[in-house]
Amino acid sequence: MPILVTGGAGYIGSHACQRLLKDGHTVVSLDSLHRGHRKPMDMLRFAYPNSFTFVHSDLGDTKTVLDTLNTHELDTVMHFGALAYVGESVEDPLWYYRNNIGSGIGLLDACDAAHGGRGIKRFIFSSSCATYGDPPEGMIPVPEHCPQSPTSPYGFTKLHFEHILKDYATKREMQDNPIALTMLRYFNVAGSDRTGMLGEDHTPETHLIPVAIDAALGKRDSMSIFGTDYPTPDGTNIRDYVHVEDLISAHALAMDSTQIGQVEAFNVGIGKGYSVREILDSVKRVSSVNFAVHDAPKRAGDAIALYNDPTKIKSTLGWEAQITDIDEVVASAFNWFKAHPDGYGD
Ligand code: UDP
């Protein structure tokens, strides 16, 4: 099946391209390279010369996206391309709304106009557990029916785009031309492709595991824990860390299982929460380096505790995380960072 992957040069998008190509699909990756990297695109083109194409474009460039959908006869879109830092979204909310929603609508315009106005058939959206904010009492682990009340502009961009997609799916239904729409609400994605080809290279890097690995590798003198008096057992935030390869398996299953006319949302997380301190202990175990850690003030926009109730995705898609040992998740990330001290170097 030919698939458009937006944000295909980014961390998660590149892993998606690799997995879909391995599964025998034809993949067109579209990325502005604002935060994505050309190197993984070159590597995938070398490995899959007949089934992989890279298009350098902003996803809000409706004309280029439309040409791409039509030229490559793409009926399925996996939409990863977005800005994805909670803290940054608090500092520059308009940029986040403009990019994640404004450009996203540009993409949807192209999806709607494609194939002579018939439109695409399948859309899989990278949503986020950040849409839940701080769940009400009794809602952790978090099920899909948990009220969505984000604590950051980033979370709001994902929630608003879910609504936009649902409205678009309704319009298509009313036109007797339905689509399959799946919204995957990711918990914290971590780790790297275990063949060692692809990794995580963000500038700036703000995510917990890569920052801690940087400290372990001596690329920074120390690191900070943002908030140590949260109402959690050790006072630090709790998150659910899902391995990137497991996350992409959920996309593959969603693509195959969601039928035309269906609109579904699934949480993707392993179902177990780790505190910031537990993650830092894991990075210290895996790296055998006791790097310096400082207590720091809370970061604006952070929810207190979020981990998944995986019941729905397990019973509906048959998805279950294969990598549930946090040290294994951290080790896959650590190995890539150690082998690539300058990231992709581009
Ligand atoms: N965090 C931290 N120090 C860092 C980076 C992150 O204490 O240098 C904390 C952050 O406050 C949050 C958790 O680690 O509670 C996960 O943050 P991350 O940015 O990795 O993902 P997010 O949950 O924001 O998507």
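The values are calculated or read from the model by the stated rules, or taken from the named source; none is laboratory data. Predicted model, so just to flag it, every value in this text is computed and none were measured. Positions of Cβ are backbone-derived with ideal geometry, glycine not excepted, and every protein chain shown enters the neighbour counts. Quick note on the areas: whole protein, heavy atoms, side chains included, nothing else; ligands and nucleic acids left out. Shrake-Rupley method; radii C 1.70, N 1.55, O 1.52, S 1.80 Å.
Which pairs have Cβ atoms under 7 Å, sit 6 or more apart or on different chains, and link a residue in the stretch 117-145 that is within 20 Å of LYS272 (Cβ to Cβ) and open to solvent by 20 Å² or more (accessible area, probe 1.4 Å) to one that is small (Gly, Ala, Ser) and away from the ligand (no atom under 16 Å from the Cβ)?
From residues that are within 20 Å of LYS272 (Cβ to Cβ) and open to solvent by 20 Å² or more (accessible area, probe 1.4 Å), the pairs are PRO141/GLY271; GLU144/ALA265.
Tell me which residues, restricted to the stretch 163-221, are among the polar types (S, T, N, Q), touching a helix residue (DSSP H, G or I) at 6+ places or on another chain (Cβ under 7 Å) and at pLDDT 95 or above. Break it down stepwise before answering.
Here is the first cut: in the stretch 163-221, the residues among the polar types (S, T, N, Q) are 170, 175, 177, 182, 188, 192, 195, 203, 206.
Next cut, touching a helix residue (DSSP H, G or I) at 6+ places or on another chain (Cβ under 7 Å) only: 182, 192, 206.
Of everything in the stretch 163-221, those that are among the polar types (S, T, N, Q), touching a helix residue (DSSP H, G or I) at 6+ places or on another chain (Cβ under 7 Å) and at pLDDT 95 or above turn out to be THR182, SER192.
Restricting attention to the stretch 150-167, which residues are open to solvent by less than 40 Å² (accessible area, probe 1.4 Å) and among the aliphatic types (A, V, I, L, M)?
Going through the stretch 150-167, the residues open to solvent by less than 40 Å² (accessible area, probe 1.4 Å) turn out to be 150, 152-155, 157-159, 161-162, 165.
Across the stretch 150-167, the qualifying residues are LEU159, LEU165.
What do you reckon, is TYR96 in contact with a helix residue (DSSP H, G or I) (Cβ under 9 Å, 6 or more places away or on another chain), touching a residue at least 60 places away in the same chain (Cβ under 8 Å) and within 23 Å of HIS243 (Cα to Cα)? So that I can check it myself, show each step before the final result.
Numbers: in contact with a helix residue (DSSP H, G or I) (Cβ under 9 Å, 6 or more places away or on another chain): yes; touching a residue at least 60 places away in the same chain (Cβ under 8 Å): yes; within 23 Å of HIS243 (Cα to Cα): no.
In short, no.
So which residues in the stretch 283-321 are open to solvent by less than 40 Å² (accessible area, probe 1.4 Å) and within 10 Å of the ligand (Cβ to nearest atom)?
Selection gives ALA296, GLY301, ASP302, ALA303, ALA305, LEU306.
For THR170, all conditions in the list (1) crowded, with 22+ Cβ neighbours inside 10 Å; (2) polar (S, T, N, Q); (3) not in a strand (DSSP E or B) hold save one; what is the number of the exception?
Result: THR170 fails condition (1) only.
A quick yes/no check of all residues on (1) in contact with a strand residue (DSSP E or B) (Cβ under 8 Å, 6 or more places away or on another chain); (2) at pLDDT 95 or above; (3) within 21 Å of TYR85 (Cα to Cα):
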residue	(1), (2), (3)
ALA265	yes, yes, no
SER275	yes, yes, yes
GLU278	no, yes, no
SER282	yes, yes, no
VAL286	no, yes, no
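Which condition number in (1) open to solvent by less than 30 Å² (accessible area, probe 1.4 Å); (2) outside any strand (DSSP E or B); (3) within 11 Å of the ligand (Cβ to nearest atom) is the one that ALA252 fails?
Going through the list (1) open to solvent by less than 30 Å² (accessible area, probe 1.4 Å); (2) outside any strand (DSSP E or B); (3) within 11 Å of the ligand (Cβ to nearest atom), ALA252 breaks only (3).
Taking interchain pairs and intrachain pairs at least six residues apart, which have beta carbon atoms under 7 angstrom, with the first residue in the stretch 237-259 and farther than 30 Å from ARG299 by Cβ and touching a residue at least 40 places away in the same chain (Cβ under 8 Å) and the second part of a strand (DSSP E or B) and within 16 Å of the ligand (Cβ to nearest atom)?
Listed by first residue and then by second, the contacts come to ALA254/LEU184.
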